[in-house]
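Reviewing the structure listed below.
The values are calculated or read from the model by the stated rules, or taken from the named source; none is laboratory data. Source: prediction; values computed, not measured. All Cβ positions, even for glycine, are placed from backbone atoms using ideal geometry, and neighbour counts span all protein chains on display. The area values use the complete protein model at the heavy-atom level, side chains included, leaving out ligands, DNA and RNA. Shrake-Rupley method; radii C 1.70, N 1.55, O 1.52, S 1.80 Å.
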Amino acid sequence: MNIYIVAAIVLTLFCFFREKKWPLFFSFIFLFIIVAFRDLSVGTDTQKYALLFEQYRDLGDVSTSANEPFYKLLRHFVILQGWNYETLQFLCSLVVLLPLFFYVAKVSRNPHYSILCFFFLYFFFYSMNITRQYMAMPFALYSFYFISKKDWKRYVICVVVAFLLHYSSILCLMGLIFNFYKPSQKTMILALVITFVIGLTPFGAAIARSMSTVGDFGYDFYVDDSNQFYRESLFSLTRLLLVIYAIGLIYMLENKNNILSILVIGICILNLFSFQPIIGRLAQYFTIIQIVIIPNIASLAKRKETVPALEIASFAYIFVTWSYLFNNNIADPMPWKFGTWEIFV
């Protein structure tokens, strides 16, 4: 049986042990083995990371890619020890998953369900590709949490760590807006609808081109309409369904700690940059908040009688999302196979 199917079944079963802590340990080990010991053929970008590693080891720092300080420091440390790329992959996987598991254990009412959402909403699979961004994402989530607690010292630490892992995480500063302003239900819905409509036009690409001239982070390549990832069709049924689902959440849930506002930011980014999925992936800093929203529906619902229907609809949503993306092998996680157990050698 496909290892991902086994993972889906096991993680689903673990959700029934809500009050137990031990399933978190086993789900961590299971997912960690899948991502840390995967072959170089698993994932769209895995081979690219391996080539960059070999280039850095043999020629020095001649690439403009993967140049964030903390990632470079980790890569340099691995090379200095004489270890192989598989060791770097092992350590990066640890940085992605370990703080994420601690985060859901701290914030979620059902951490096991949060991990299932992380898997079914495909964030786990994307982590095999945009690894540096996913190393930063748990710290982005922590930053939103510390904003809600007004713990500014820890907030700054998390933002700095995230930024030094991946420069794009500077977007998380947008979370500060909600320390001064809590958008109304109407404002959030209008933002979703307006950005979705704009995303159907070339206007989003024009915005991206103007932004790409700011700084020297190498993103101007992605707004070139000759880029192979540039989308000619700007309509997406899955994105439309996500907007509709989010509007339903806004109507039916309380926006505690601006948790829905954070989700709305992510969907708006996704809408505006629908023409270019590589830019659109930055939305995941915010849309990943779903792994906390969905398990916490019972405590967020405005009317308790709506909870069962909303929970069923949400599970259907995450399962259909996974089924569609998985069956289309998005991010190339299949076929999965072991790489090597030879790490730290």
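Could you rank the peptides 45-55, 178-188 by their average count of other C-beta atoms within 10 Å per residue, with the highest value first?
Details: 45-55: 16.7, 178-188: 13.5.
Highest to lowest by the protection proxy: 45-55, 178-188.
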A chain fully extended from residue 58 to residue 334 at 0.36 nm per residue, minus the present Cα-Cα distance, gains in nm 96.3 nm
Given the candidates 118, 128, 282, the one whose Cα lies deepest towards the positive end of the charge dipole of the chain, counting +1 at each Lys or Arg C-beta and -1 at each Asp or Glu C-beta, is 118
Number of Lys pairs in region 86-186 closer than 25 Å at Cα, excluding neighbours under 8 places apart unless interchain, is 7
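Lys and Arg at +1, Asp and Glu at -1: add these up for the other residues within a Cβ distance under 15 Å of residue 24 and post the number. Each step should come with its number before you reach the end.
Values: positive: 18, 20, 21, 106, 109; negative: 19.
Residues close to residue 24 contribute a combined charge of +4.
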Looking at the chain, do any whole DSSP H helices span at least 15 angstrom along their long axis by alpha carbon and average 1.0 or above on Kyte-Doolittle, and which? 3-14, 22-36, 85-107, 152-165, 185-198, 237-252, 259-272, 307-327
Two-decimal Rg/Rh of region 264-345 from alpha-carbon positions, Kirkwood Rh? 1.11
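In what sequence, highest mean first, do 330-339, 34-43, 128-137 appear when ranked by Cβ atoms within 10 angstrom? Walk me through the numbers on the way to the answer.
Numbers: 330-339: 16.0, 34-43: 19.6, 128-137: 24.5.
Top of the packing list down: 128-137, 34-43, 330-339.
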By the scheme Lys and Arg +1, Asp and Glu -1, what is the net charge of all other residues having a beta-carbon under 15 Å from that of residue 101? +3
Cα centroids of region 82-113 and region 282-317: how far apart, whole angstrom? 23
Which one of 107, 67, 330 is farthest out on the positive end of the charge dipole of the chain, using unit charges on Cβ (Lys, Arg +1; Asp, Glu -1) and the Cα centre as origin? 107
In nm, what is the difference between 0.36 nm times the number of residues separating residue 237 and residue 311 and their Cα-Cα distance? 24.4 nm
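If we sort 161-172, 19-30 on the protection proxy, mean other Cβ atoms within 10 Å, highest first, what's the order? Let's see the in-between values first.
On the way: 161-172: 21.8, 19-30: 13.4.
In decreasing order of mean packing, 161-172, 19-30 become 161-172, 19-30.
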Along the charge dipole of the chain, Cβ charges K/R +1 and D/E -1, which of 309, 167, 196 sits furthest on the positive end? 309
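For the chain, compute Rh as the Kirkwood radius over C-alpha pairs and then the Stokes-Einstein diffusion coefficient at 25 °C and 0.890 mPa s; write the answer in µm²/s, rounded to an integer.
Values: Rh = 20.9 Å.
Here the translational diffusion coefficient equals 117 µm²/s.
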Could you state the principal axis extents of the C-alpha atoms in region 96-140, from the largest down, to the nearest angstrom? 29, 21, 14
Keeping all protein chains in place, calculate the accessible area per residue for the chain (probe 1.4 angstrom), answer in Å². 47
Charges at C-beta only: +1 for Lys and Arg, -1 for Asp and Glu. How large is the resulting dipole of the chain about its Cα centre, in Debye rounded to 20? 1360
Apportionment of accessible area to carbon and sulfur, the chain, percent (1.4 Å): 66
Given 20 °C and 1.002 mPa s, compute D for region 5-51 with the Stokes-Einstein relation, Rh being the Kirkwood radius over Cα pairs; round to the nearest whole µm²/s. 175
Whole-Å distance, taken between Cα centres, linking region 233-266 and region 13-50: 27
